[in-house]
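The structure appears right after this line, and notes come after that.
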Amino acid sequence: MTEAMHLILIVEDDEAIQSILRMLFEAHGFRVVIAATAAMGLHDARLHKPDMVLIDLGLPDRDGIDVISAIRSWSPMPIIVLSARTAETQRLMAFESGADDYVMKPFSSPELLARVRAVSRRHVRGDLPNAMLRLGDVSIDLAARVAHRQDGSEVRLTPLEHRILETLARHADRIVTHTALLKEVWGPDRDDSRSLRVFIGNLRRKLEVDPSRPKHILTELGLGYRLVVDPTT
Ligand code: CA
């Protein structure tokens, strides 16, 4: 699907922000539907089956979180929260209810567009990791569990490091919370975020050009990690 065909549903009650968002997305070839309440948002999500939902949390009739959970009960459509709520608990709740990403207000238009594109790319690609993953100079074959630099030299990753990378890759461009990562990698009984940090540190040392300023394995403060991959073609 080309971007020109993308329909984006914006659930937002602030009229000034509505028109800014409409102008922004229409200028970039999206079709836009705007809903000013939670009830209208749910109605329009069912009616229009948009390619993406951009939703405010503070809505006049119900909380945006409720809308996200309701949509998630019947559709995997990508949902990005656009909210002035900065509290970590609010962000966590949004992710746990099924949001794909969270952009804070006030937002920058280029950043918002980039996040929308990243989420829709990930959605088109599906949740399964590409067999091949490229992080800068390093190519990783997730299925075969081998990694090489462009000069052909092997990057040795432990099975646990591969598992962490695989989990992050399955949710590429999205935040994977500490809890979700721990559960997927170690199972439900382990709650050891300290060792997670150690493994992430090791992965960065092996995969990042400058491990102290990572470009691929990003820390989302207080929340978790986000893997940014390069196109493989
Ligand atoms: Ca609002």
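The values are calculated or read from the model by the stated rules, or taken from the named source; none is laboratory data. Quick caveat: nothing in here was measured; it's all calculated off a predicted structure. Backbone-built Cβ (ideal geometry, glycine too); neighbour counts: all protein chains shown. Note: accessible area is taken over every heavy atom of the protein model, side chains too, but ligands, DNA and RNA are not part of it. Shrake-Rupley method; radii C 1.70, N 1.55, O 1.52, S 1.80 Å.
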Quiz item: Among (1) within 16 Å of the ligand (Cβ to nearest atom); (2) open to solvent by 80 Å² or more (accessible area, probe 1.4 Å), which single condition is K105 missing?
Solution: (2)
Quiz prompt | Count of residues meeting criterion [open to solvent by 70 Å² or more (accessible area, probe 1.4 Å) and either small (G, A, S) or away from the ligand (no atom under 11 Å from the Cβ) (or both)] in segment 14-30 | solution = 6
Practice problem: Would you check which residues across segment 43-69 are over 21 Å from V103 (Cβ atoms) and either out of contact with any Ser or Thr (no Cβ under 7 Å at 6 or more places or on another chain) or away from the ligand (no atom under 13 Å from the Cβ) (or both) and list them? | Solution: H43, R46, L47, H48, K49
Quiz item: Of these, G201, G222, G152, which one is part of a helix (DSSP H, G or I) and of a type in the set (G, A, S)?
Solution: G201
Practice problem: Give segment 179-233 a look and list any residue that's at positive phi and at pLDDT below 85, or say none. | Solution: G187
Quiz item: Residue check, G98 against (1) more than 19 Å from I217 (Cα to Cα); (2) surrounded by fewer than 19 Cβ atoms within 10 Å (Cβ to Cβ); (3) more than 16 Å from the ligand (Cβ to nearest atom); (4) modelled with pLDDT of 90 or more, all met but one. Which one?
Solution: (4)
Quiz prompt | segment 63-82, residues that are surrounded by 15 or more Cβ atoms within 10 Å (Cβ to Cβ) and either within 15 Å of L9 (Cβ to Cβ) or without any contact (Cβ under 8 Å) to a residue 12 or more places away in the chain (or both) | solution = G64, V67, I68, A70, I71, S75, M77, P78, I79, I80, V81, L82
Quiz item: Residues in segment 118-128: is at least one among the aliphatic types (A, V, I, L, M), assigned by TED's automatic domain parsing to the domain that holds I8 and farther than 25 Å from A172 by Cβ?
Solution: no
Practice problem: For T37, indicate whether it is within 16 Å of the ligand (Cβ to nearest atom) and surrounded by fewer than 18 Cβ atoms within 10 Å (Cβ to Cβ). | Solution: yes
